[in-house]
Structure formats: structure tokens, C-alpha cells
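A short worksheet on the structure shown next.
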Amino acid sequence: MDANAFVDDLAAARIGATFNQYADGDRAGLLRGRLVEYLEARANTSLVLVGEAAGYRGARVSGIPFTSERQLTGAGPAEATATVVNRVLGELGLADDVLLWNVVPTHPGTPDSNRAPTAGEVRAGLGFASTLARGRRVIAVGRVAARALGARYVRHPSHGGADAFRLGLVGEVLGAQLGQRSGRLLEVQPHAVEDPLGLRELDVTVVDHLPVVAPRVAKVVVADHLRAGRSCRGQCGLPVVHDEADVAGAVGRLRATG
């Protein structure tokens, strides 16, 4: 994809009644240049996180989705959502491996407020998101983006959703990694609660860079045999799954039950 041509097309677009920060205002040229550099820097990323629309304290001012001016320059407005998203990506070691975008890349609202994009604005902006989604795994942030893209979604971090956003993103990334590492298991000594037939524990090196997940994943074991016959005796919190395809579900159940 030619980033310059993509940004030129975006600057020329009229997406409903939204404010096009790449075409209008005295900072438009700066924001176009920033976006070109951002897209070129992340040209080889395999994951794209797509939100609903640019925010008045975020991409309207900075030109970069889910990013505030303060994060870029140390001055100007901060945005709570941008702060949460970038903090979580940093904690998970994904800050430079994810492309951030919005279904509506321009801003619905005023310089001091946001509004929900209309259905027509979502349709008008969708083509840009679809272009960036080609060849990438797509995770929607919130249900508007999920419906528009037909993608899996994680909770939006606004309005108290920061923890749910983090857990959802961890689950999605972990699921993708497990799929890529399918079949790679380590032989280990049986746990005291394992049956004599023997079980193999999931190799948790796939999530070495996700320290918050590793302790939970370590509780998931893969049964060699359907006749495991392990009794509970207070150990039913330890899920037994029979192949790696079941692991993501088991991890999700662990997360849900705390």
C-alpha cells in the first residue's frame, strides 16, 4: 500500500458531517505527514486494532488513531482512551506491532465534544479500514467497529472498561499465538493431581512476553488421553483440555472465574 496515496485519498474524502482533520484547519498538512510516517512505520504489522471514530482530544488533534497530542509531543490535550490503549499495548510488548485505526477516521463532533457517527458515516469511512485490514488480523474495539467489520471485538476502554479491554486483548492475542504454535507441547513431569496415564502441560513460552497471562495459562493442561480419570478433590479449578483448539476457551473460562 502506498501510504502517501492512501492519506491523499483520506484528505479528499467527505465522510458525512465529520471534521476531516487531514484536509481542514491550519494543522492539516502536519497531520497528513504524521499519518504517512505512522502507516509506513507499521507497514509490516500483522494486527490492526480498529475503534469507532476519531476523538476530539485524540486523532482530531494528533492525526494518529488512539493517540493524543500529549503522547506525541508532551504538550496539548491528553485523552483517557489513548492513554489506556497505549499503556496496555506497552505492557503486552505490542506497542510497535499493532496498527491503530478507526472505522470513521475523521471526527464526528465539535472541537470540544464527540458524538456517535451515523450509519452513513460508518459506511463512508469503512473503505479505509478495509484497506488497512487486508492481510492483517482485525480486532475491533467496541461493537460499532465489530458490526461494521464483521470482526471479533474487545470492550472499549472508556467508561470504566479499561480492565475488560486489557483482558479481552490479552485473550485475542493469546488465541492467535496458540494458533500459530499449534502442536508445540513440552513433556513435563506429572503434577500431583494428574492421573497415572500422564498429561502434558502446555508450553507457556508462547506467552513469555505476556506476564499477566502466563500464571493462568500454566493452569491449563492438555490430556494425552480421554480416560484421564482425574478426580476433583478440590482441584476442579484446573481445566483439562484434549487439544490445543480447546485451550483458548479454557483460558477464557479461567479468566471469567477469576
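The values are calculated or read from the model by the stated rules, or taken from the named source; none is laboratory data. None of the values given here were measured: they were computed from a predicted structure. Cβ: placed from backbone, ideal geometry, glycine included. Neighbour counts: every protein chain shown.
Filter the range 46-60 for residues that are part of a loop (DSSP other than H, G, I, E, B) and not hydrophobic (A, V, I, L, M, F, W, C) and give the result. Explain how you work it out, then say what you get.
So the first thing to find is which residues in the range 46-60 are part of a loop (DSSP other than H, G, I, E, B), and the list is 46, 54-58.
Listed by number, the residues that qualify are Ser46, Gly55, Tyr56, Arg57, Gly58.
So, in the range 94-129, how many residues would count as being free of Cβ contacts under 8 Å to residues at least 24 places away in the same chain and either under 14 Å from Val173 (Cα atoms) or in contact with a His (Cβ under 7 Å, 6 or more places away or on another chain) (or both)?
So the answer is 1.
Of all the residues that make up the range 67-93, how many are farther than 21 Å from Leu174 by Cβ and either touching a helix residue (DSSP H, G or I) at 6+ places or on another chain (Cβ under 6 Å) or not hydroxyl-bearing (Ser, Thr, Tyr) (or both)? Give the derivation first.
Let us first name the residues in the range 67-93 that are farther than 21 Å from Leu174 by Cβ, namely 67-83.
Checking which are either touching a helix residue (DSSP H, G or I) at 6+ places or on another chain (Cβ under 6 Å) or not hydroxyl-bearing (Ser, Thr, Tyr) (or both) leaves us with 67-72, 74-80, 82.
Total satisfying the criteria: 14.
Take the conditions out of contact with any helix residue (DSSP H, G or I) (no Cβ under 8 Å at 6 or more places or on another chain), in a helix (DSSP H, G or I) and under 30 Å from Asp163 (Cβ atoms) and apply them to Tyr38. Does it pass? Walk me through it before giving the result.
Values: out of contact with any helix residue (DSSP H, G or I) (no Cβ under 8 Å at 6 or more places or on another chain): yes; in a helix (DSSP H, G or I): yes; under 30 Å from Asp163 (Cβ atoms): yes.
Yes, satisfied.
For the range 2-21, state whether one or more residues are among the aromatic types (Phe, Trp, Tyr), at pLDDT 95 or above and assigned to a strand (DSSP E or B). Before the answer, list the steps.
Residues of the range 2-21 that are among the aromatic types (Phe, Trp, Tyr), as a first pass: 6, 19.
In the following step, the residues that additionally are at pLDDT 95 or above were identified as 6, 19.
Of the ones still in play, those that are also assigned to a strand (DSSP E or B) are 19.
Looking through the range 2-21, at least one residue is among the aromatic types (Phe, Trp, Tyr), at pLDDT 95 or above and assigned to a strand (DSSP E or B).
In the range 140-156, how many residues are assigned to a helix (DSSP H, G or I), closer than 17 Å to Leu167 by Cβ and touching a residue at least 24 places away in the same chain (Cβ under 8 Å)? It would help to see each step written out before you state the result.
Let us first name the residues in the range 140-156 that are assigned to a helix (DSSP H, G or I), namely 143-149.
With the extra rule that they be closer than 17 Å to Leu167 by Cβ, the set shrinks to 143, 146.
Okay, now just the ones that are also touching a residue at least 24 places away in the same chain (Cβ under 8 Å), so none.
Qualifying residue count for the region: 0.
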